[in-house]
Amino acid sequence: MKLVIIGNGIAGNQVAFDVRKKDRDAHITILSAETVPEYDPCSLPYFLGGECGRTDVFRKTPEDYTTHNIDLVYDSRVVSIDPEAKTVTTHGGGQISYDKLVLAHGGDLFIPPIPGIDNPGVFSCKQLAETEKLAAHNGSSAVVIGSGAIGIEAAEALKRKGYAVHVVELMDWILPSLFDEPTARRLETALKGYGIHVFTGEKVLEIKGTGEVSAVVTNLRTIACDTVVVATGVVPGTALARTAGIDTGRGIQVNRQMQTSVPDIYACGDCVETIDACTGETAMFQLKHNAIEQAQVAARHIVGEKTRYLGAYAFARAHFFSTHAATFGKTQRATDCILGDKRVIEREDKNNYLRVMLLNNQIVGGQAIGTFADGLGLLIGAMWRKDDFMEIAAKVRTTPRGGAVHTWPMLRLGNLLGM
Amino acid sequence: MKLRRDHLSIDPEKCTGCRRCMIACAMKHHNRIDPDFSCVDVIGFAAQDLDVPVICLACETAPCIKVCPMNARIRQASGSVVTDTDVCIGCRACVYICPVGSPRINPATGQTMTCDLCADETEPWCVAACRQERALTLCTDGAASKPAARRAAARTLAGSPRY
Ligand SMILES: Cc1cc2nc3c(=O)[nH]c(=O)nc-3n(C[C@H](O)[C@H](O)[C@H](O)COP(=O)(O)OP(=O)(O)OC[C@H]3O[C@@H](n4cnc5c(N)ncnc54)[C@H](O)[C@@H]3O)c2cc1C
């Protein structure tokens, strides 16, 4: 079997090495747009901030590919797929044939159409090469456009490097897709406490300067700076699939075996749209754990095993300096369009905050800052099991002294929820 | 379910809440008599008079390995999953995703720490400390049949999520 994988990221490598474990003879090729072995994009902000070295971001060494007999071809961005002839074409014009093809090329940084965005003082930290450029840049004042998880992590990293840091967010609060306003406001206060300037509900209109950045103009102010970091989101790479006649929605569409609509072509990772494991709704979470699990399913199916993807789950942490927060499932805003009996449980104790969303007495999401977050896994478990909130409350009330030790997860949940 | 070579078996019904296991763990790994440095967390439920030792059981499909941004959660040959302190940045993702919140924070470094089964000893120190009560025991290969292990797991974990 000739297996060709597009993309040398988290998902692509998982497929390649998983298939190799079970099939010693398969001919495996990874086509990479970059020139380095697999690294973890999640580590990049910490490399930027100097919390880890460059070598620590890598998940593989060049030797890993040779010992596992996997062909890793650098600098070969795939530009088209011909499903009839079963070939792919790289930007250099080379053609590679396949028996089975895996699309694992992730997503692309969304570049907002702002005047001045192509100024050399504008950086990003989506890929290693770009992050290295930013790390080598000698600036003193930075504007981060966008306050998603990547934007906040980049802001912390630059602050650690001694920059004056400003975060500009178009939406009403920071981390808008991960947290509700009450949680986000608390995190914003924490960020400001570390000396990071945060402007929400503000739109960047222009990046000023020629040859280098001199200022960022928003609808409300002009911020003098010499560095801009774009962190306005990652859009799934669907163009390659669409032009090959593969069905796409927001992402590449796949079934529970990670097969696309075209025979012998699989897709996994940030480029696909899947289902939410809990609700069955269409989902696009673009998170590392989902990329790994999808790739494991694809690999199993490629080697002929019976397998079924259970679905993706939303779980993210927000961590900067000594502030720790995490979120899972739906935000309150995401439940706004669902009919049903809704309730929000909130707890607060000094700098610690907990917010749990209930829909028809079942936990559908939660957010926590500080010590409350330490028990978040129990809430996630309750969401997966679809525990009834009333039953948890009843268990907490009725468990007799010294008895029924099996109720302890419920008791712990009860403690966490302040019952 | 594939059983790994060694793992701890927890029987909370036998736990008296003495916390000697916590002291033993802290002494073994940090040379301190301070339960905050223990990988074992004995959680007390005062109203119900219950004590439950919570320890990393090194899940077969450990979600902590997948969510760690630094790839610092490492599966060892013994089966246990430990934090690589050379790269852990203390973000606590592994704590938040754990079905029982078992990784503990090292108060000195902010990094997480979980049970390594005292790999260099014949018996984990917490197990030795609990020899009388036997709330913590070590299952080696063949010591627990699959059905027995399943029953025990169902008792203590009451259906942790399937990842
Ligand atoms: C800064 C940052 C921080 C993050 N933090 C977290 C976190 O804390 N937790 C979390 O769960 N997730 C996090 N993520 C998201 C996580 O990194 C992604 O979900 C994960 O990397 C997806 O894996 P993937 O293999 O689908 O895509 P990627 O890892 O992006 O790999 C895609 C690869 O394909 C290559 N490629 C693209 N197009 C082509 C082409 N046409 N031909 C050949 N190769 C191509 C790219 O160069 C890239 O190497 C973070 C991402 C970033 C950027």
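The values are calculated or read from the model by the stated rules, or taken from the named source; none is laboratory data. Everything numeric in this text was worked out from a predicted model, so none of it was measured. Here Cβ is always computed from backbone atoms with ideal geometry, including for glycine, and neighbour counts include all displayed protein chains. Just the protein is used for accessible areas: all its heavy atoms, side chains included, with ligands, DNA and RNA removed. Shrake-Rupley method; radii C 1.70, N 1.55, O 1.52, S 1.80 Å.
One line per residue, one yes/no per condition, for (1) more than 12 Å from the ligand (Cβ to nearest atom); (2) surrounded by 14 or more Cβ atoms within 10 Å (Cβ to Cβ); (3) outside the structural domain of A:LEU103 (by TED's automatic domain parsing):
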| residue | (1), (2), (3) |
| --- | --- |
| A:LYS208 | yes, yes, yes |
| A:SER214 | yes, yes, yes |
| A:ASP226 | yes, yes, yes |
| A:ARG242 | yes, no, no |
| A:GLN259 | yes, yes, no |
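With respect to being in a loop (DSSP other than H, G, I, E, B), closer than 27 Å to A:GLN253 by Cβ, assigned by TED's automatic domain parsing to the domain that holds A:GLY49 and modelled with pLDDT under 95, A:CYS278 fits the description.
To keep it simple, each residue is scored yes or no on (1) assigned to a loop (DSSP other than H, G, I, E, B); (2) within 9 Å of the ligand (Cβ to nearest atom); (3) more than 14 Å from chain B (Cβ to nearest Cβ).
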{"site": "A:GLY93", "(1), (2), (3)": "yes, no, yes"}
{"site": "A:VAL102", "(1), (2), (3)": "no, no, yes"}
{"site": "A:ASP108", "(1), (2), (3)": "no, yes, yes"}
{"site": "A:ASN119", "(1), (2), (3)": "yes, no, yes"}
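Close Cβ contacts (under 6 Å, 6 or more residues apart or on different chains) running from residues in the stretch A:55-82 that are within 14 Å of chain B (Cβ to nearest Cβ) to residues that are open to solvent by less than 70 Å² (accessible area, probe 1.4 Å) and assigned to a strand (DSSP E or B) comprise A:VAL57/A:TYR39; A:PHE58/A:TYR39. Any idea how many residues of the stretch A:159-177 are within 13 Å of the ligand (Cβ to nearest atom) and either in a helix (DSSP H, G or I) or within 14 Å of chain B (Cβ to nearest Cβ) (or both)? Residues that pass the stated criteria total 0.
Among residues of the stretch B:91-117 being touching a strand residue (DSSP E or B) at 6+ places or on another chain (Cβ under 9 Å) and within 8 Å of another protein chain (Cβ to nearest Cβ), the one that is farthest from the ligand (Cβ to nearest atom) is B:VAL100. Against the conditions (1) β-branched (Val, Ile, Thr); (2) touching a residue at least 12 places away in the same chain (Cβ under 8 Å); (3) out of contact with any strand residue (DSSP E or B) (no Cβ under 9 Å at 6 or more places or on another chain), B:VAL67 satisfies every one except (3). Candidates are the residues of the stretch B:35-56 that are acidic (Asp, Glu) and within 23 Å of B:VAL81 (Cα to Cα); the one that is farthest from the other protein chains (Cβ to nearest Cβ) is B:ASP36. Just one of the numbered conditions (1) away from the ligand (no atom under 15 Å from the Cβ); (2) touching a Gly at 6+ places or on another chain (Cβ under 6 Å) is not true of A:ALA291: (1). Of the residues making up the stretch A:262-278, those that are more than 9 Å from the ligand (Cβ to nearest atom) and buried (at least 16 other Cβ atoms within 10 Å of the Cβ) number 10. Whenever a residue of the stretch A:253-276 is within 14 Å of another protein chain (Cβ to nearest Cβ), it has no partner that is of a type in the set (Val, Ile, Thr) and within 12 Å of the ligand (Cβ to nearest atom) lying with C-beta atoms less than 6 angstrom away and at least six residues away or across chains. Scanning the stretch B:23-55 for residues that are assigned to a helix (DSSP H, G or I) and charged (D, E, K, R) yields B:LYS28, B:ASP36. In the stretch A:1-22, the qualifying residues are those that are within 9 Å of the ligand (Cβ to nearest atom) and part of a loop (DSSP other than H, G, I, E, B), and the one that is farthest from A:ARG160 (Cα to Cα) is A:GLY7. What number of residues within the stretch A:329-373 satisfy the criterion of being open to solvent by less than 50 Å² (accessible area, probe 1.4 Å) and closer than 23 Å to B:CYS94 by Cα? Count: 19.
Of all the residues in the stretch A:178-205, those that are open to solvent by 30 Å² or more (accessible area, probe 1.4 Å), part of a loop (DSSP other than H, G, I, E, B) and either at pLDDT below 95 or among the aromatic types (Phe, Trp, Tyr) (or both) number 1.
Checked against the criterion of being more than 9 Å from the ligand (Cβ to nearest atom), open to solvent by 10 Å² or more (accessible area, probe 1.4 Å), part of a helix (DSSP H, G or I) and not hydroxyl-bearing (Ser, Thr, Tyr), the candidates A:ASP25, A:ASP64 yield just one match: A:ASP64.
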